[in-house]
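Worksheet for the structure shown next.
The values are calculated or read from the model by the stated rules, or taken from the named source; none is laboratory data. These numbers come from a predicted model, not from an experiment. Cβ placement follows ideal geometry from the backbone for every residue including glycine, while neighbour counts extend to all protein chains displayed. Surface areas here come from the heavy atoms of the whole protein model, side chains and all, with no ligands, DNA or RNA. Shrake-Rupley method; radii C 1.70, N 1.55, O 1.52, S 1.80 Å.
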Amino acid sequence: MALHEQILDAAVALADPRDWTFRIADVVAALPALNPGSVRTHVASRCCVNAPAHHQSRHRYFRAVGRGVYRIEPAVRRRRTRSRGWQDRILATIESGVDPTLIAESLRWTPTERLERMRRAAVSLEDARA
């Protein structure tokens, strides 16, 4: 997913439902895997309709309404009925020949359970080889 789309999704999830406003600091905190400077630049400049046009590509997502406060533009406002996690995105790409119930089950395992299952599979392969 493109950076600007991730930022828009986070802003929509964080926005005050009464007036669709959010704080830039909250979006930065909600996206810890992304570069904070890039997130701030996208919100305050690249995706802000009332910011100076300093970027070649721009997205009309937000409007600055105060220091560090932005409003989501009506054209891009949406609420999700359910948050899609990384597991859902992976499952959506699986071809029909794969049983999604087995993958969903394995995604619920802890890292320790995954390692134990891999160890048992390795032992089983060694036994079959012998």
- In square angstrom, rounded to the nearest 10, how much accessible surface does R40 have for a 1.4 Å probe? 110 Å²
- Note on the structure: Between the modelled labels at R58 and R18 (7 Å from Cα along Cα→Cβ) the distance in nm is 3.1 nm
- Message: Using amide H atoms built in the peptide plane, which far-off residues or other-chain residues are under 5 Å from V65 H to H?
- Response: Y70, R71
- Calculated from DSSP H runs of 4 or more alone, at -39500 (n - 2.57) each and per residue, what is the 222 nm mean residue ellipticity of the chain, nearest 500? -13000 deg cm²/dmol
- Task: Return one number: the angle in degrees, 0 to 90 and rounded to the nearest 10, between the long axis of the Cα atoms of helix 111-129 and the longest principal axis of the Cα atoms of the chain.
- Result: 30 degrees
- M118 accessible area, nearest 10 Å², 1.4 Å probe? 120 Å²
- Query: How would T93, T110 rank on accessible area, largest to smallest, probe 1.4 Å?
  - Reply: T93, T110
- Using a Förster distance of 30 Å, how high is the FRET efficiency between S45 and T110, based on the Cβ-Cβ distance and rounded to 0.05? 0.10
